[in-house]
1. Take the alpha carbon atoms of the chain, find their radius of gyration, then divide it by 2.2 N^0.38 Å using N residues; give the quotient.
2. What whole-number volume per residue, in cubic angstrom, does the convex hull of the C-alpha atoms of region 21-62 give?
3. So if I place +1 on the C-beta of Lys and Arg and -1 on the C-beta of Asp and Glu, and nothing else carries charge, what would the dipole magnitude of region 2-173 be about its Cα centre? I want it in debye, nearest 20.
4. If I stretch the segment between H22 and A126 completely, what's the gain in nm (0.36 nm per residue apart, minus their alpha carbon distance), one decimal?
5. Cα centroids of region 90-136 and region 1-26: how far apart, whole angstrom?
6. Quick one: what are the phi-derived ³J(HN,Hα) couplings along region 35-52, Karplus 6.51/-1.76/1.60 with θ = phi - 60°, whole Hz, x for glycine and proline?
7. Lysine pairs in the chain 8 or more apart or on different chains: how many have alpha carbons under 18 angstrom apart?
8. Under 8 Å for C-alpha pairs, at least 6 residues apart: give me the relative contact order for the chain, rounded to a whole percent.
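Where a number appears in this text, it was derived from the coordinates with a stated rule and is not lab data. Quick caveat: nothing in here was measured; it's all calculated off a predicted structure. Here the Cβ is made from the backbone with ideal geometry for all residues, glycine too, and neighbour counts use every protein chain on show.
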Amino acid sequence: MIAYAITARYSEDALAPILSHHPDWIAFRTDTQEELRAQAQSFLMHTRLCGAKRFLNGDYRLALELGFDGVHLKSTQFSHIKKSKVAGLHVIVSTHAEAEIAKALDLGADSVTYSPIFPTPNKGQAKGIDALKEAVERFPNRIIALGGILSQREIDAVKMEFLVGFSAIRYFEKNLH
């Protein structure tokens, strides 16, 4: 099962606890466009030896230009899926309903995050494990569980056959040392 870390904010200090978990995939995400290029370049430099596949959130052009492995698109960016695939990027799309999952996969996304599985601040009603199971049965080997994964308890709860893995922000921010 893939462990996919997403940054909430970027700094070298904030990256250290994330990398201590040894995620398989890691996404650079920021809510500010100020210094995006410089921060993304710094992120790439500081993660180059971690062995994780690296994604840039939301901007496939910059992901390609800077040498990211892939792009994580928002649920409002379906029009970027084909362009991202043509560019040779691994494409993940954020989804919140089975119709969005179907659309993203039909357009060529490699996988999707489906969220929120567990209660998450400001992210609406949690889907729950039953909805996740239904989505995974309908779209095997394409879904990454996201939302409210804070501990091993939630990771164990989402472990199921044909789930790509889990993704989190807050879980990975905890320093293991």
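1. 0.97
2. It comes to 75 Å³ per residue, whole-number rounded.
3. The dipole magnitude comes to about 280 debye.
4. Fully extending the segment from H22 to A126 adds 34.7 nm.
5. 21 Å
6. 6, 4, 4, 5, 5, 5, 5, 5, 4, 4, 5, 7, 10, 4, 9, 7, x, 8
7. Number of lysine pairs found: 11.
8. Computed over the chain, the figure is 21 percent.
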